[in-house]
Each structure stands twice: as C-alpha cells, then as structure tokens.
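Enquirer: What follows is a structure written as structure tokens; I'll ask about it next.
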Amino acid sequence: MHITNDGTLIIDNVKNDDGGHYICKASNAAGVAEKLIRLTVIIPPDIPDQETVITDAVIIGQPFSLYCPVFSIPLPQITWYLNDQSIVESDANIILSDDQRRLHILKSRTVDAGNYKCVARNPAGDSAKTFQIEIIVPPNLNQSMHKIKVAMLENERAELGCPISGVPEPSIAWLVNGQLLEEGIIKRGVVLGSDGRSVIIETAQLEHEGIYTCVGTNKGGSLDVDVHVTVLGKILVSNI
C-alpha cells in the first residue's frame, strides 16, 4: 500500500483486511477538507472441494436436502439446477432457504433423480457444486408385467415372468416349490431363461403344477412373490 505524488492511495494486492473506511485529508493555506471513503472488498464465491461430486441414494417418498457450502463477500446469488434445468420454487414439493443455500425436497419422486448443481455468483466470479441423487424404488408387485396365476396346457412350452419391478431394476432369483433354481441346471424339465429373470417349462406336465417363487432384490429391499401354476390336461374326444 502506497501513496503516489498526486495523493492517490494504491493498494497493490487487495485482501479482505483492506476493506473498511478510509479518510482522505487535504489542506492548504486556505484550510482543510476531508472525505470519508468506504472500501468494500469483493471476494468471489468459494466452495470447498467443488470438483468432488456428492452422491446419495433416497428411498422414494422420503425427503432429502442439499446444501451449497459457499462463502463470498457480498453474499452470492445462488441458482439450483436439476439436469441442467433451473429449479423453480413454485413447485410445492420444493423449498429453498432464504439465502438459497439449502434445497429441500419434501417428498422424493422418480423425477427428482439426477444431477443437481448449485451455482453461486457475485460480481467477482462464480463457483459451482454438483450432487448426484438416486431415487430408490423398492421391489414391488407389478401385475401389468406378468401374472401371479398362470394356467398352461399339458405338453406345451411355457415361460413364467417375474411380476416385480423397482429402481434400480431388481436382481431376480427363482424358487420352485421352495428349491432354488440355479442357472444352467434343469430341474424336472424346468430351467432359468437366458436372461435369468424368467422360468421356462419346456414341456408342461401335471407334476409342474405348484408354486414358483420369484425373489426381487435391490438397494431398497427384497420382495417374494408366489406365482401359482396350473397345468390343464387336454380333453380327448373319442369316436364311438
């Protein structure tokens, strides 16, 4: 910090401590004059570890909050984005704190999954932080996919699908009358499909009747669904 010959005060490398009130005084034979000058040091937004993406998983229907840990002088303008689209508080499911630092989702939905970003701006610059949120849908019964009561004709080929859905897609295991069906192993003419998610009965017989249990598992939990199989014998008509 130095003063030039014409009385100008030069601060070569401005720091936060340089902010404050300065008084300029000028005097000559006619008298003295002074001027109060306030210097505000603007600090650009700073977010610790801004390159690190914070990840979290939330069960659907549960609330969650995200916090933008930004420091700046003056306070920054903060804008939140979800998948590059700005978030507006007009959505009744979204609450922003007065300083916009905290975003609160009251009840998570599948549409709330994705990449969130808070961008903080002031006249000195901007900074951003990214969050990756996964919305978990536990395994649930979905009979629009497959039925839980299946009737098949004797000697016909049949395939059973698992009526369980979820996010992420659940892993699937099958039990036939309580016995685990393993990949590549044929039990009484019953085998797992190539995708591991279905059961194939190559030639349906009365002995194939029973309960086939589908077990779906993902991060949200596990669900067992019994699929009841009935084999219908063919009616033989004889000419007498």
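The values are calculated or read from the model by the stated rules, or taken from the named source; none is laboratory data. What you see is a predicted model, and the numbers here were worked out from it, not measured in a lab. Glycine also receives a Cβ, built like all others from the backbone with ideal geometry; neighbour counts cover every protein chain displayed.
Enquirer: Just one of SER108, SER127 is assigned by TED's automatic domain parsing to the domain that holds ASP56, part of a loop (DSSP other than H, G, I, E, B) and crowded, with 17+ Cβ neighbours inside 10 Å; which is it?
Expert: Sole residue among the options that is assigned by TED's automatic domain parsing to the domain that holds ASP56, part of a loop (DSSP other than H, G, I, E, B) and crowded, with 17+ Cβ neighbours inside 10 Å: SER108.
Enquirer: Modelled with pLDDT under 95 and either in contact with a Leu (Cβ under 7 Å, 6 or more places away or on another chain) or outside the structural domain of GLY221 (by TED's automatic domain parsing) (or both): does that describe ASP56?
Expert: Against the criterion (modelled with pLDDT under 95 and either in contact with a Leu (Cβ under 7 Å, 6 or more places away or on another chain) or outside the structural domain of GLY221 (by TED's automatic domain parsing) (or both)), ASP56 does not qualify.
Enquirer: Still on this structure: Condition check: in contact with a Ser or Thr (Cβ under 8 Å, 6 or more places away or on another chain) and outside any loop (DSSP other than H, G, I, E, B). Does VAL119 satisfy that?
Expert: yes
Enquirer: Looking at MET152, MET145, which one is under 30 Å from GLN205 (Cα atoms) and crowded, with 18+ Cβ neighbours inside 10 Å?
Expert: Working: MET145 fails: crowded, with 18+ Cβ neighbours inside 10 Å.
Testing whether each residue is under 30 Å from GLN205 (Cα atoms) and crowded, with 18+ Cβ neighbours inside 10 Å leaves just MET152.
Enquirer: May I pose another question? In segment 83-95, is there at least one residue being exposed (fewer than 10 other Cβ atoms within 10 Å of the Cβ), under 20 Å from THR110 (Cα atoms), among the acidic types (Asp, Glu) and under 32 Å from the mean Cα position of the chain (by Cα)?
Expert: yes
Enquirer: Name the single residue that is modelled with the highest pLDDT among those in segment 182-240 being exposed (fewer than 12 other Cβ atoms within 10 Å of the Cβ), of a type in the set (Gly, Ala, Ser) and over 30 Å from VAL167 (Cα atoms).
Expert: The extreme case among them is GLY233.
Enquirer: Something else about it: Pick out, from segment 1-56, the strands (runs of 3 or more DSSP E) lying fully within it that include 2 or more residues that are within 40 Å of the chain's Cα centre (by Cα) and either within 30 Å of ILE135 (Cβ to Cβ) or hydrophobic (A, V, I, L, M, F, W, C) (or both).
Expert: Strands (runs of 3 or more DSSP E) meeting the threshold: 43-46.
Enquirer: Checking TYR212 against (1) under 30 Å from ILE105 (Cα atoms); (2) touching a residue at least 40 places away in the same chain (Cβ under 8 Å), only one condition comes out false. Which one?
Expert: TYR212 satisfies every listed condition except (1).
Enquirer: So which residues in segment 57-80 are outside any strand (DSSP E or B) and at negative phi, if there are any at all?
Expert: So in segment 57-80, the residues outside any strand (DSSP E or B) come out as 60-63, 68-70, 74-76.
Across segment 57-80, the qualifying residues are ILE60, GLN62, PRO63, CYS68, PRO69, VAL70, PRO74, LEU75, PRO76.
Enquirer: Then there's this: Test PRO163 against the stated conditions and say whether it is surrounded by 13 or more Cβ atoms within 10 Å (Cβ to Cβ), within 30 Å of LEU66 (Cα to Cα) and outside the structural domain of ASP112 (by TED's automatic domain parsing).
Expert: Against the criterion (surrounded by 13 or more Cβ atoms within 10 Å (Cβ to Cβ), within 30 Å of LEU66 (Cα to Cα) and outside the structural domain of ASP112 (by TED's automatic domain parsing)), PRO163 does not qualify.
Enquirer: Quick check on segment 16-52: of everything there that is of a type in the set (Gly, Ala, Ser) and touching a strand residue (DSSP E or B) at 6+ places or on another chain (Cβ under 8 Å), which residue is nearest to CYS118 (Cα to Cα)?
Expert: Per the criteria, the residue is GLY19.
Enquirer: Name the residues in segment 101-131 that are aliphatic (A, V, I, L, M) and either touching a Gly at 6+ places or on another chain (Cβ under 7 Å) or more than 16 Å from THR79 (Cβ to Cβ) (or both), would you?
Expert: Within segment 101-131, ILE105, LEU106, VAL111, ALA113, ALA124 meet the criteria.
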